[in-house]
Every structure is written in structure tokens, then in C-alpha cells.
Amino acid sequence: MQQIPGAWQRTARGAGLLAPDGSSVPTIFAEMSALASATGALNLGQGFPDQDGPQEVMDAARRAIAEGVNQYAPGRGYPDLLAAIAEHQQRFYGIALDPAREVLVTVGATEALAATLLALVDSPDDEVVVFEPYYDSYAACVALSGARLVPVPLRWPDFQPDLERLASAVSDRTRVILVNDPHNPTGTVFSREVRDEIVRLAHLHDAVIVTDEVYEHLVFDGPHVPIATLPGAAERTLSISSAGKTFSLTGWKTGWVTGPGELVSAVLAVKQFLTYVGASPFQPAIAVGLRLPDGFFASVASDMAAKAALLGTGLRAAGFDVSTPGGSYFTVVDAAPLGATDADTFCRELPDRAGVVGIPLTAFVSPAHRDRYRTLVRFAACKRVEVLADAAERLATMTRP
Ligand code: PMP
Ligand code: GLN
């Protein structure tokens, strides 16, 4: 590939987003979904459901298009969606929000995370504490912001952090403690002690807590506990979520940030120059979704719990050591009992050996820490029961090297 002269690729290169030849490095999700398409393997890699979301939500989007909701939305989002998000936070968590000041609609949780990090950190002296393994966009956005990523390891098999390690990672340089709960890629739900410690440390070092709660309705032994509900947390917490997982509509890319007005305004200040606003007709439809009865949300969690249990049984039968998830789409296994010495190689060979795609956990860690997660693989349970059963059968009869 031809090298692009000049300085304008410097940030992307500095952030590790470009290969040495100047081509953009695809995300592990894009890469593994392409591998699944090319080989015809079952895709338990990228986390997207293979069934549509609720009919009434999809009908509402069609209606919105037909009724002319097709031009730019207001910067913060349509007032009715802002109100529906605030109602949702009140209904499920008892969090009271002023929809006009304390809620912002974004293009998925991805944009919410990017705008939040770009708003809150900017210098190599600023540190962002994350739990490792971490969702891939965290490291990319922290790198693009120019700040430093400080990872705190989660330990196989329960993936809770050591509280002393956590305490020693947070300092007066910490601007943000970024917490994904339930957690991707491990499926862990953080313990009460971990959440309390995060809040204590944020106070001690005057840090902002940013939560990524896209799996909030996929907690198997609920209810989900947002960090913003802990004593003293709300005043310094920005909570991020999205419609993608709750409504099985990952392609709609509609998310939101909630929290103190001044912090939300800072995120809006950046967001308006990233996307200006998100797609209009999805917004009234997501408002319909957020107002669905409690039974819908309960079934989202119980359906996924049943699928995770089915996947876990299949993975155990195939010979993997299996970590039991507390929520999310994901289950992590250790592939060492099946002879794996490197998860990346194992996952690249898996379509040929078993006709199944998984994601190596090493894709979610900093290069220096790969060894800790060397043989761990993530499988997604958000697929039809027949697909999970087929995958289990294929893995159980996998060819050995
Ligand atoms: N955070 C986590 C932990 C995720 O797993 C995902 C993937 N959906 C996102 C953020 C991005 O969400 P969205 O598709 O709403 O941008
Ligand atoms: N959140 C999804 C996952 O973890 C992937 C989203 C994406 O491809 N960026 O599988």
C-alpha cells in the first residue's frame, strides 16, 4: 500500500490503529465475522443476535419514517426519547434525572464512550483506569485522546479484580475510572465490594466514574445495580447504555449518556462535532422500547440466561474449562485442555477444525499482558438455540491437531 505523506495519519498511527504499511487494522470483531462468512462457520464471535427485536419497536421506526421523522433531530435527542430514558432510569433504578439537562442521545454506546473520553481527558498526564480484558474501543479512544490507559487485571475464572491492585492503580492522575458492568468480554458482574471500592477511590482521588452498562438487562441473577445508585456516586458518574443489546437491535446504533448536567454538557460539546446527531426515526422507536412492560425486560434476561446455560453445557462437554458468566452475551473458556497454547492461533484454526468462530481474549488486553490470558476464548450466546446446540455438537467432535 502507498504510504501517505504528511502528519495527518500521526494520531491514528500513534494510537496503534494503523499497521506498519499504513493500512487500518480491522477490529477483531470485523475480522472474525469475515472469517465466519468466508468459511461458513457458526459465528459465536461478534456479539450480535441472529433474531430481530420486539415487533412494536420495529413498527414504530417504520411509522416514524412514514410520518416524516427524517430530518436532523435536536442535538441532545428528541425530547420524548430523553423523557423515556429518564423514566427508564427511574423505573428500574430509582434514579431521578432532568431529561432536558441530564440525558444525551448518542450514536450507540460507542460514540458515547468516545465523546466522554475526549471530553474528560487530553494529556499524557491524565490516566484512565480500566479493567483488563477491556472492550476494544476503550484503549483506542484513550489512545486517541492522548491520555494513558491503566489496566487492572481481572482474574480467571470469576474475573473479579484484586481490590489492592485496584487501589494501587487509582491515583491523583486518574481522571476517569471506566467500568463495564456486566462485563464484556468476560461476562462477569462486579461484586458489591468492587463497586464500593470504585466509588471510594473516585472520591479519594477526585475522579469521574464512567460506566458502560450496555448489558444492564442481561444480568442473570438480577437486578442490575448501576454504580450511580451507590451512596455518593451519582454526583461524579456518567452512565452509558444503548438500545442494541436490550432490544436485539445492534444495527440501530442508538445509545445514551446520563449523569450530572455539567458532565453531560461536556460530552455534548464533543458529540456535536463527531456526529452532530444520531439517526432520527430510531429515536421514537427506542422510546417505545424503553416503555415496554417489565415482563419484556425480565424475559430478555431469562432468555439469555437459558442460552448461556446451554452454551456452557456444550462447552464443558467439548472439554473446555468454562467460566460461569453473571450476565452479558458472553462466556469465556480456557482452551488449554484442548491443547491450545495460544488463543489467537486456536481461534484462527477453529473454523476449519470445528466450523465455529470464537474470539481470543488476547484481543482485549494490552500486548504486555497477553500471557495472562494466553489460552482464553470468548464465545457469544446471543444466537438461536438451534445454532448453540449445533455449535456444541461441532465443538464436541472437533478435530484434534
Ligand atoms: N460497550 C460494550 C461493552 C459493548 O459490548 C458494545 C458492543 N455493543 C458497545 C459498548 C458498543 O455499543 P453500541 O453498539 O451501542 O455502540
Ligand atoms: N460489542 C460486540 C462484541 O463485543 C461487537 C461490536 C463491534 O463489532 N464493534 O462482540
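A short reminder: the numbers here are calculations on the coordinates, not readings from a lab. Owing to the predicted nature of the structure, the values given are computational and were not obtained by experimental measurement. All Cβ positions, glycine included, derive from the backbone under ideal geometry; neighbour counts span all protein chains shown.
Tabulated values for the structure
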{"item": "DSSP bridge pairs, the chain: antiparallel proportion in percent, nearest 5", "result": "50"}
{"item": "Residue-span extension gain [THR11 to ARG200] - 0.36 nm each, minus C-alpha spacing", "result": "64.6 nm"}
{"item": "Total formal charge among the other residues, if their Cβ is under 12 angstrom from that of ARG348, Lys/Arg +1 and Asp/Glu -1", "result": "-4"}
{"item": "Computed FRET value (nearest 0.05) for ASP303 with THR397, which takes r as the C-beta separation and R₀ as 25 Å", "result": "0.40"}
{"item": "Charge context of LEU97, other residues only, Cβ under 12 angstrom, K/R +1, D/E -1", "result": "-1"}
{"item": "Mean separation of Cα contacts under 8 Å, 6 or more apart, over the residue count of the chain: relative contact order %", "result": "23"}
{"item": "Residue-averaged 222 nm ellipticity for the chain, from DSSP H runs of 4+ at -39500 (n - 2.57), nearest 500", "result": "-12500 deg cm²/dmol"}
{"item": "Cα centroid separation - the stretch 366-401 against the stretch 215-259, whole Å", "result": "27"}
{"item": "Cα gyration tensor shape of the stretch 251-364, rounded if a/c is under 1.5, else prolate or oblate by comparing a/b with b/c", "result": "prolate"}
{"item": "Student exercise, the stretch 264-401 dipole from Lys, Arg, Asp, Glu Cβ charges, in Debye to nearest 20", "result": "220"}
{"item": "Distance between the stretch 136-165 and the stretch 10-80 - C-alpha centres, whole angstrom", "result": "23"}
{"item": "Residues of the stretch 271-308 with amide N under 16 Å of the 7 Å Cα→Cβ point at ARG384", "result": "307"}
{"item": "Computed label-point distance, nm, for sites VAL25 and ASP342 using a 7 Å Cα→Cβ extension", "result": "1.5"}
{"item": "Value of relative contact order over the stretch 122-226, rounded to a whole percent, pairs C-alpha under 8 Å and six or more apart", "result": "27"}
{"item": "Ranked by how many other beta carbons lie within 10 Å on average, peptides 351-358, 113-120 from highest", "result": "113-120, 351-358"}
